[in-house]
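Notes to accompany the following structure.
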Amino acid sequence: MFRKIHSNRDPRDTVYTELKKEFKPYVSKAGEGLKAATSRYPKFIFWMMVINIVLSAVLSFTVFRHKAAAKQLKKPPDAVSPVSTGFDQIMQATAALREMTLLKKQIDSLSGKKQLNARDSLVLEKALDRFQQINHQFNSRK
């Protein structure tokens, strides 16, 4: 099954060299004809190239303009891009973390007191509820 195949082919012969040998007369004849035409009519060929470039530019900006790309440039203001939504999420998370650190400081200062009055206990309860609410929002996003 895994026998080495021996061939009498010259290792320097490749597909490229064989194709080159086969089509060399046609390619050289076309090259000579093109060289003769460019030397005989240089101004005509130059102006045809300029006309082709100008025509290509005009057609690319008028006829061959993509309608979808033009519509994307004029998207409605309520359309949301992924970059802005990601940035908004980062801003919301930062604001929530800031609020949580303030609440934690407030909770620590109130819980450090030996005696709480009615107002302190109400503030502590609201701070703990808000802290749990924010914590629940972060845990539900994951």
Tally time: how many residues in the range 6-30 are hydrophobic (A, V, I, L, M, F, W, C) and touching a helix residue (DSSP H, G or I) at 6+ places or on another chain (Cβ under 9 Å)? 1
The number of residues in the range 92-142 that are within 33 Å of the chain's Cα centre (by Cα) and exposed (fewer than 10 other Cβ atoms within 10 Å of the Cβ) is 4
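Any read-out appearing in this document is the output of simple, stated calculations on the displayed coordinates, not a laboratory observation. Just so we're clear, the structure is a prediction, and the values are computed from it rather than from any experiment. Virtual Cβ from ideal backbone geometry, glycine too; neighbours counted across all protein chains shown.
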